[in-house]
1. Of (1) surrounded by fewer than 22 Cβ atoms within 10 Å (Cβ to Cβ); (2) under 14 Å from the mean Cα position of the chain (by Cα), MET58 satisfies all except one. Which?
2. For the stretch 112-153: of the residues being closer than 17 Å to THR13 by Cβ and acidic (Asp, Glu), which is surrounded by the fewest Cβ atoms within 10 Å (Cβ to Cβ)?
3. Considering each of ILE50, ILE30, ILE5 in turn, give the residue that is hydrophobic (A, V, I, L, M, F, W, C), within 14 Å of the chain's Cα centre (by Cα), at pLDDT 95 or above and not in a loop (DSSP other than H, G, I, E, B).
4. Taking the options LEU80, LEU122, LEU132, name whichever one is within 18 Å of ILE153 (Cα to Cα) and over 19 Å from the mean Cα position of the chain (by Cα).
5. Taking the options LYS127, LYS138, LYS109, name whichever one is farther than 18 Å from GLY49 by Cα and of a type in the set (D, E, K, R).
6. Return the pair list, or none, for Cβ contacts closer than 9 Å from residues in the stretch 33-45 that are under 20 Å from ASN10 (Cα atoms) to residues that are of a type in the set (A, V, I, L, M, F, W, C) and outside any strand (DSSP E or B), at least 6 apart or on different chains.
Amino acid sequence: MKSIIIYSSNYGTKKKYADKLSKRTNIQSISFKEIKEINDYDNIIYLGGIYAGGILGMSKTLRNLNNISSKNIILITVGLADPNDEENINNIRDNIKKQLKSEVFKKAKIFHLRGGIDYSKLNFAHKTMMNLLYNMVKKLPEEKKSAEDRAMIETYNKKVEFVDFSSLDNIINEIKN
């Protein structure tokens, strides 16, 4: 069975996770921008960053997936908010569901990791978007703020890294099964 780790990373955090996962599993990792034929693989591990609620590159990468019943699909999200917060998990899964074909979503095993951000490295568009979002969510009443909103407010304009390679252990166990 052929396996692949596909990642999307704008600023490097997801690539760090993908490289570590690749090293620990001996599965090649590749950027979603470089994947040629996804249907050549039986085990597909997609590791993507959460940007504006969506998972960067995921729908484009998995759109042409065929013979889904014969595939093992693992989706790994990386974001700023606590990956153990139930509200955060539900929001992420709802967004994933909107991005994928129903049969892909149902087949996928989904994991959530915590990433990081360095505002000094954001490009102009991302800085502008984060500034607009920050100004919008900080005005929300506290009871309306999601875990993701609170994490963004807490980390706004800072460099923070929550990368925890031990959080890959459950994913590695799933890959081995």
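The values are calculated or read from the model by the stated rules, or taken from the named source; none is laboratory data. Here the structure is a predicted model, which means the values were calculated and not measured. Positions of Cβ are generated from backbone atoms using ideal geometry, with glycine treated the same way; all protein chains shown enter the neighbour counts.
1. (1)
2. ASP118
3. So the residue among ILE50, ILE30, ILE5 that is hydrophobic (A, V, I, L, M, F, W, C), within 14 Å of the chain's Cα centre (by Cα), at pLDDT 95 or above and not in a loop (DSSP other than H, G, I, E, B) is ILE5.
4. When all the criteria are applied, what remains is LEU132.
5. Working: LYS127 fails: farther than 18 Å from GLY49 by Cα; LYS109 fails: farther than 18 Å from GLY49 by Cα.
Sole residue among the options that is farther than 18 Å from GLY49 by Cα and of a type in the set (D, E, K, R): LYS138.
6. Cβ pairs passing all conditions: ILE45/ALA18; ILE45/LEU21; ILE45/ILE27; ILE45/ILE171; ILE45/ILE175.
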